[in-house]
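Just below is one structure, and these are the notes that go with it.
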Amino acid sequence: MQADIQNQYDKIYRYCFYKVKNVSLAEDLTQETFLRYLTQNSYVERGKKLAYLYTIARNLCMDTFRKAKTQELCTEIPSEDCLEQLELNIVIKDALNELTEKEQEILLLRYANELSIGEIASIMGISRFAVYRLTNAALASLKALLREDFI
């Protein structure tokens with residue numbers, strides 16, 4: 001069980017970073033997620049550890065925003081050696097920010113964290129068909145936004 005959970009640490013960190021856009025806060029939230037998971041007594045093993053981890057992380061991120069309504073979280077862009085790569089990152093980030101929150105979350109879970117359709121459906125509490133539909137719609141929206149930027 002421990003090795004399986006450790007493999008998910010980076011994915012939970014990326015998820016938290018996507019939500020709060022702050023490196024140190026994302027690290028803290030990721031650690032808090034795993035601490036709560038490992039110290040909880042109410043979870044019944046049903047083979048959905050990953051969905052439970054994401055639920056904890058999502059709730060912690062939402063709690064952070066509730067507490068910091070008046071504070072603006074800083075956005076950090078990783079530095080790149082290549083100016084073209086940096087420009088591309090900015091264009092993609094801007095296009096992603098124009099998507100709805102749900103579309104952003106679907107793309108993050110599916111492509112950045114490489115979760116299966118079933119895992120995403122379990123995490124978000126929707127059907128597998130809805131995940132497929134939302135993923136395709138999000139990709140279509142992203143492609144349209146990127147076409148606008150490059151034309």
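The values are calculated or read from the model by the stated rules, or taken from the named source; none is laboratory data. Computed from a prediction, not measured in an experiment: that's the story for all the values here. So basically every Cβ, Gly included, is an ideal-geometry build from the backbone, and we count neighbours across all protein chains shown. These accessible areas exclude ligands, DNA and RNA; they are computed on the full protein's heavy atoms, side chains included. Shrake-Rupley method; radii C 1.70, N 1.55, O 1.52, S 1.80 Å.
Observations on the model:
- Whole-Hz couplings from phi, Karplus 6.51/-1.76/1.60, listed for segment 101-107; x for Gly and Pro: 4, 5, 5, 4, 5, 4, 5
- FRET E, pair Arg36, Asn89, Förster distance 35 Å, beta-carbon r, rounded to 0.05: 0.60
- Length released on extending from Leu146 to Ser116, taking residue separation times 0.36 nm less the Cα-Cα span: 8.3 nm
- Placing a label point 7 Å from the Cα of Lys102 along the Cα-to-Cβ direction, the residues of segment 125-151 whose backbone N falls under 20 Å of that point are 125-145.
- Note on segment 79-149: with neighbouring protein chains present and a 1.4 Å probe, carbon and sulfur make up 53 percent of its accessible heavy-atom surface.
- Heavy-atom accessible area per residue - segment 93-151, 1.4 Å, Å²: 57
- Sorted peptide list for 85-93, 129-137, criterion being average Cβ within 10 angstrom, highest first: 129-137, 85-93
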